[in-house]
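Novice: Okay, handing you the structure first.
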Amino acid sequence: MSRAFDRFVRLHRQESPLLLPNAWDCASATALAAAGFPAIGTTSLGVAAAAGLPDGAAATAATTLELARRLGDGPFLLTVDAEGGFSDDPAQVALLARRLHEAGAVGINLEDGRPDGTLAPAALHAAKIAAVKQAAPGLFVNARTDTHWLGQQRERTAARLARYARAGADGVFVPGLSDPAGIAALTASLTVPLNVLHTPGGPSPDLARLGVSRASLGSLLYRRALAAAVATATGLRDGHHPAAVPAAALSYAQVQALATRRAGTPG
């Protein structure tokens, strides 16, 4: 394994969970690194929306790889959100993973949620993970299950994650899981680090007590940046001081809608 991989693993073994911000381009990644974040992820929503493409639809493989090539030699550890690997062919997912690793990525996020709102078969997702680890052993695979995100098969969360860990996942991710009892029960059964999605209260000492190793910001920064840009422009247009204009983050659905239709086109 590489020193970068070892450093990334150590970040998951600290007293406090690793707070992982997610960038969508070179400037956002560089700014976050300059602010002192040792590891930075990409946000599939931000990368897709910036290119005018839908998130979660396997439409951004080339865009994601190109961004990784631009960020891979940065002064930070890079982990890439690759949706479900942009393919249901484990060999194709493994090929992409190897290219991401060659570009400088130390980690990859692979999710089992599908564009139609269903979950991929656990056996298929496990096969993707195994193929990736064989093709790029030095890539930290964060296996995401969308049981809570999609509200499906929540009772199968632990079983799915255990299967992904056996397939070689280095960590697991359950966006939408936020209740302390549920988190504690899950970490008690896991053999690999648990990643959760940032909640409005933010990472707290409770997450460390519950055994959480990583808290990701997901698309939050991108959604807030969009909201702030619009609030600033409209505030200046309307004669308000920009700092006085609230800029609550846009929702995931709002950004998806903006990205998949032309500006000014109804729909």
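Novice: Limited to segment 93-132, what total is found for residues that are of a type in the set (D, E, K, R) and touching a Gly at 6+ places or on another chain (Cβ under 8 Å)? Write out each step before concluding.
Specialist: Within segment 93-132, the first condition is being of a type in the set (D, E, K, R), and the residues that meet it are 98-99, 102, 111-112, 114, 116, 128.
The next check asks that each one be touching a Gly at 6+ places or on another chain (Cβ under 8 Å); those that pass are 111-112, 114, 128.
Selection size over segment 93-132: 4.
Novice: Would you check which residues across segment 115-147 are at pLDDT 95 or above, open to solvent by 30 Å² or more (accessible area, probe 1.4 Å) and farther than 28 Å from Phe5 by Cα and list them?
Specialist: Thr118, Pro121, listed by residue number.
Novice: Tell me, which helices (runs of 4 or more DSSP H) wholly within segment 1-116 include 1 or more residues that are aromatic (Phe, Trp, Tyr) and out of contact with any Asp or Glu (no Cβ under 8 Å at 6 or more places or on another chain)?
Specialist: 3-11
Novice: When both residues are 6+ apart or on different chains and their Cβ atoms are under 6 Å apart, which pairs have a first residue that lies in segment 100-112 and is within 12 Å of Phe5 (Cβ to Cβ), and a second that is among the hydroxyl-bearing types (Ser, Thr, Tyr) and not in a helix (DSSP H, G or I)?
Specialist: Pairs found: Gly107/Thr79.
Novice: Scan segment 88-112 for residues that are farther than 30 Å from Thr30 by Cβ and not aliphatic (A, V, I, L, M) and jot them down.
Specialist: Start the filter on segment 88-112 by keeping residues that are farther than 30 Å from Thr30 by Cβ, which leaves 88-92, 112.
Listed by number, the residues that qualify are Asp88, Asp89, Pro90, Gln92, Asp112.
Novice: With within 19 Å of Arg214 (Cβ to Cβ) and open to solvent by less than 60 Å² (accessible area, probe 1.4 Å) as the only criterion, which of Ser44, Ser28 stands out?
Specialist: Among Ser44, Ser28, only Ser44 is within 19 Å of Arg214 (Cβ to Cβ) and open to solvent by less than 60 Å² (accessible area, probe 1.4 Å).
Novice: If only one of Ala34, Ala91, Ala57 is farther than 14 Å from Ala169 by Cβ, open to solvent by 40 Å² or more (accessible area, probe 1.4 Å) and modelled with pLDDT under 95, which one is it?
Specialist: Unique residue meeting the criteria: Ala57.
The values are calculated or read from the model by the stated rules, or taken from the named source; none is laboratory data. Please read these numbers as outputs of a predicted model, since none were measured by experiment. Backbone-built Cβ (ideal geometry, glycine too); neighbour counts: all protein chains shown. Ligands, DNA and RNA are excluded from the accessible area calculation, which covers all protein heavy atoms including side chains. Shrake-Rupley method; radii C 1.70, N 1.55, O 1.52, S 1.80 Å.
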